[in-house]
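Below is one structure, written out as C-alpha cells; the observations come after it.
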Amino acid sequence: MCCWLLAAACHRPAMQNARRDIHPFSNPEQIRVRHLDLDCEVLFDRKILKGSATLSVDRRVDSGAPPLILDTRNLRIEKVEVAGETGAYSATKFELGAGDPILGAPLTISMPPAAAKVRIEYSTSPEASALQWLDPAQTFTQSQAIHARSWIPLQDTPGVRMSYSARVRTPKDLLAVMSAVNDPDAPRTGDYNFQQHAQIPSYLIALAVGDLQFRPMGNRTGVYAEPAVVESAAKEFEDTEKMLKAAQDLYGPYRWRRYDLLVLPPSFPYGGMENPGLTFATPTILAGDKSLVSLVAHELAHSWSGNLVTNATWSDFWLNEGFTVYVERRILEKVYGRPREEMEAVLGRQDLEREMAKLPERDQILHIDLKGRDPDDGATSVPYEKGALLLRSLEEKFGRERFDAFLREYFNHFAFQSITTGIFVDYLKKHLPGAQTQVPLDEWLTKPGIPASAPRPVSDAFTKVAEQARRWAAGETPATKIETAGWTTHEWLHFLKSLPATIGGDRMRELDKAFSFTRTGNSEILEEWLIIVVRNRYEPAYPRLEEFLVSVGRRKYLKPLYEELVKTPDGRARAAAIYKKARPGYHPIAAATVDGILK
Ligand SMILES: [Zn+2]
C-alpha cells in the first residue's frame with residue numbers, strides 16, 4: 001500500500017504536535033530514519049533471518065551529534081558501520097542496552113556529525129516475537145504493534161515513516177513476498193527484490209516466505225496462497241475489485257497501485273493484517289460462501305484509515321481501527337446492500353457490549369493510556385467498535401453527504417502522515433463545527449463505557465431471528481421447526497447469541513442434531529457454538545473443541561474460548577491439557593495471549 005502514483009502530500013511532518021510515543025526507546029525527535037534497505041537471508045534450518053539493515057537518517061536538531069537509538073528485541077548485533085551521503089563505511093561504536101520484557105533493548109549507535117547512513121549486520125533469534133516458523137518450510141512476520149524490532153533494528157514507532165527496499169534470499173523452491181508491490185510473474189530464483197516507495201510506519205513492514213502460488217482476480221488484485229488453497233481463495237475473494245471500487249468512490253483514490261491478498265496458515269494470530277499492497281489473511285475466512293469477506297473489506301479500508309493516515313502512538317489505535325470498521329461497513333453496504341451492513345453493525349455492537357462487560361474501566365476508553373503496558377493489550381473491540389460507533393454517531397448528526405465529504409478531505413489532508421487523537425480533534429472542530437457539542441466528544445474519547453446517545457444499529461432480519469430463538473427457548477417451537485431457510489452466517493450467529501446462557505444437555509443435543517453446529521466448517525459459527533458448548537459442558541463437542549484449538553491460532557477465537565474454559569476448575573484443567581498440545585503451533589503473539597489467560 002504505497003504511493004507510487006501520487007506524491008506524498010507535504011503537510012506538517014508527522015509527530016509535530018504529537019505526544020511522544022512511549023513504546024520505542026528510539027529518539028526520532030533528534031535523528032529520524034527515512035529509508036530502510038534490508039538485505040537478508042531466510043535460514044529455515046536455524047529459524048533465523050541473517051543479514052543487514054542500512055538506515056538513511058535525517059537529523060532533526062542542531063545539537064551536535066546525538067547518538068542514534070534504535071529499537072531491538074532479541075537481535076544479535078554483529079557489526080555497525082556508518083557513512084556519509086557518499087563515501088565508504090567505517091566502524092562506529094555501539095551498545096546494546098539492558099532488555100525490557102515489553103520493549104526489548106535499545107541499540108545506541110555513535111553517529112559522527114557527517115554520518116547519514118548506518119549499516120547494522122545482525123541476525124534474529126528463533127524466538128523473535130514477529131516470526132513464526134512452520135513445517136513444511138514457511139515463515140511470516142507480524143510486526144504490529146511493536147514486533148518489527150524483533151526482526152529489524154529500527155525506530156519502531158508508528159510516528160516514524162520510512163520507505164524501504166529489500167533483497168531477500170530464500171531456498172530456491174520458495175517464494176518471498178513483502179508489504180510492497182509484488183510482481184505476480186516473479187520467477188522463482190530464491191533471490192527477490194522489493195521496493196516500497198511510500199513512507200510507511202515500521203509496523204507495516206512485512207515478509208512471508210513459502211511455497212506460494214498466485215492467482216489474479218483483476219488487473220490490480222490477486223491472491224497468494226499455498227497450492228492447495230489458492231483456487232478456493234481466489235473464488236472466495238472474487239468481489240475484491242468491486243470493494244476496491246466502492247472504497248474509491250467513497251473516499252478518493254487508492255494510492256497503493258496493487259491490492260493482493262496472502263492466505264496464511266491457520267496459525268496466523270489475526271484475522272488479517274493490512275500490510276500495504278498485500279493483506280495477510282487467516283484461512284478461517286474461507287467459508288465457501290463469501291460470508292466472511294467483511295475481513296477483506298476491513299483490510300482494504302486500512303488502505304485509507306491506518307496505512308494512509310496512521311495513529312502516531314498506540315494510544316491513538318482507535319484512529320486506525322474505529323475509522324476502519326466504519327469504512328469497512330460502508331464498503332459492505334455499497335457492495336452487498338444495507339441489510340448486510342446493518343447485520344454486521346448489530347453484531348459489532350453486541351461484541352463490544354459483551355467484551356466491555358469484562359474489561360476494566362481503563363480499557364474501555366478510546367484514547368487509552370498504555371503506560372507500562374504492551375500495546376497488544378489495547379487490541380480489544382473498544383478501539384474497533386466503539387470507535388466505529390463514534391463515527392456513525394457523527395454521520396447521523398451531520399448527515400451522510402456532509403460527513404462523507406469530511407472524511408474524504410480528512411484522508412487527503414493527512415495522507416502519509418501519523419497523527420494523534422489531539423490532532424484529529426482539532427481538525428474535527430475546524431471542519432465539522434459544532435461536532436464536540438453534537439456528540440459528547442470528551443465522553444467518547446476519555447470516559448469508559450458507551451455514551452447513552454450512541455447509535456443502536458437495528459436489523460430487521462435479526463429481529464426475526466431473535467424471535468425464533470425466543471420461541472425455541474420458551475419451548476414453543478422445536479429446533480427442527482425453526483425457520484432457517486435462507487439464513488446467512490450473520491443470522492446464524494445472531495441466533496446463537498440470542499440463546500439463553502444456560503441450556504440443558506438434552507436441549508444442546510436437540511440443537512446440534514437439527515443444525516450440526518459441532519461439524520460446521522464455518523469458523524465464526526463454530527466459535528460461537530463452542531463458547532455455548534463450554535458454558536453448558538456439552539461433552540459430545542469436546543473433541544471438536546480440542547481439534548479447533550489445536551489447529552487454529554487466530555487470537556480472536558482463542559481468547560474467548562480459553563477465557564470461557566478457565567471459569568471452572570475442570571474447564572481450566574481441560575484448557576491446560578489442550579494448550580499443552582496446541583502451544584507449539586501458535587504464533588508467539590497468540591501464545592503470549594493464552595499464557596496470560598492460563599497463568
Ligand atoms: Zn484493522
- Task: Have a look at LEU96, LEU154, LEU134 and point out the one that is open to solvent by 10 Å² or more (accessible area, probe 1.4 Å) and modelled with pLDDT of 95 or more.
- Result: LEU96
- Task: Determine if segment 198-207 includes at least one residue that is in contact with a strand residue (DSSP E or B) (Cβ under 6 Å, 6 or more places away or on another chain), within 16 Å of the ligand (Cβ to nearest atom), closer than 28 Å to LYS559 by Cα and not hydroxyl-bearing (Ser, Thr, Tyr).
- Result: yes
- Look at segment 269-285 and say how many of its residues are within 13 Å of the ligand (Cβ to nearest atom), among the hydrophobic types (A, V, I, L, M, F, W, C) and more than 17 Å from ALA148 (Cα to Cα). 1
- Query: If we keep just the residues of segment 99-118 that are in contact with a Gly (Cβ under 7 Å, 6 or more places away or on another chain) and under 13 Å from ALA65 (Cβ atoms), which is surrounded by the most Cβ atoms within 10 Å (Cβ to Cβ)?
  - Reply: ALA115
- Query: If you take the residues in segment 286-314 that are in a loop (DSSP other than H, G, I, E, B), closer than 18 Å to GLU385 by Cα and in contact (Cβ under 8 Å) with a residue 40 or more places away in the chain, which one is nearest to the ligand (Cβ to nearest atom)?
  - Reply: HIS302
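Okay, residues lined up against (1) in contact with a Phe, Trp or Tyr (Cβ under 8 Å, 6 or more places away or on another chain); (2) among the polar types (S, T, N, Q):
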site: LEU107; (1), (2): yes, no
site: TYR122; (1), (2): no, no
site: PRO136; (1), (2): no, no
site: THR139; (1), (2): yes, yes
site: ALA145; (1), (2): yes, no
site: ARG149; (1), (2): no, no
- Message: With the condition being farther than 19 Å from LEU250 by Cβ and open to solvent by 20 Å² or more (accessible area, probe 1.4 Å), I'd like the helices (runs of 4 or more DSSP H) fully within segment 373-457 carrying at least 2 qualifying residues.
- Response: 421-431, 435-438, 441-446
- Message: Just the residues that are part of a loop (DSSP other than H, G, I, E, B) and crowded, with 24+ Cβ neighbours inside 10 Å, please, taken from segment 256-285.
- Response: TRP256, LEU264, PHE268, GLU274, ASN275, PRO276, GLY277, THR282
- Task: Answer yes or no: is there a residue in segment 471-480 that is surrounded by 21 or more Cβ atoms within 10 Å (Cβ to Cβ), more than 26 Å from ARG340 (Cβ to Cβ), modelled with pLDDT of 95 or more and out of contact with any Phe, Trp or Tyr (no Cβ under 7 Å at 6 or more places or on another chain).
- Result: no
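Could you tell me which of the residues ALA576, ALA514, ALA582 is open to solvent by 20 Å² or more (accessible area, probe 1.4 Å), out of contact with any Gly (no Cβ under 7 Å at 6 or more places or on another chain) and more than 19 Å from PHE495 (Cα to Cα)?
The conditions single out ALA576.
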- Positions within segment 315-325 being touching a helix residue (DSSP H, G or I) at 6+ places or on another chain (Cβ under 6 Å) and either near the ligand (Cβ under 10 Å from one of its atoms) or open to solvent by 10 Å² or more (accessible area, probe 1.4 Å) (or both), in sequence order: PHE317, GLU321, GLY322, THR324, VAL325
- Filter pass, LEU244 being touching a residue at least 60 places away in the same chain (Cβ under 8 Å), crowded, with 17+ Cβ neighbours inside 10 Å and more than 16 Å from the ligand (Cβ to nearest atom): no
- Evaluate segment 555-572: report whether one residue or more is touching a residue at least 60 places away in the same chain (Cβ under 8 Å), crowded, with 20+ Cβ neighbours inside 10 Å and outside any helix (DSSP H, G or I). no
- Query: Could you say whether any residue in segment 326-339 is open to solvent by 20 Å² or more (accessible area, probe 1.4 Å) and within 16 Å of the ligand (Cβ to nearest atom)?
  - Reply: yes
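The values are calculated or read from the model by the stated rules, or taken from the named source; none is laboratory data. Small disclaimer: the values here were computed from a predicted structure and weren't measured. Every residue, glycine as well, gets a Cβ built from its backbone with ideal geometry; the counts of neighbours run over all protein chains shown. For accessibility, only protein heavy atoms count, side chains too; no ligands or nucleic acids. Shrake-Rupley method; radii C 1.70, N 1.55, O 1.52, S 1.80 Å.
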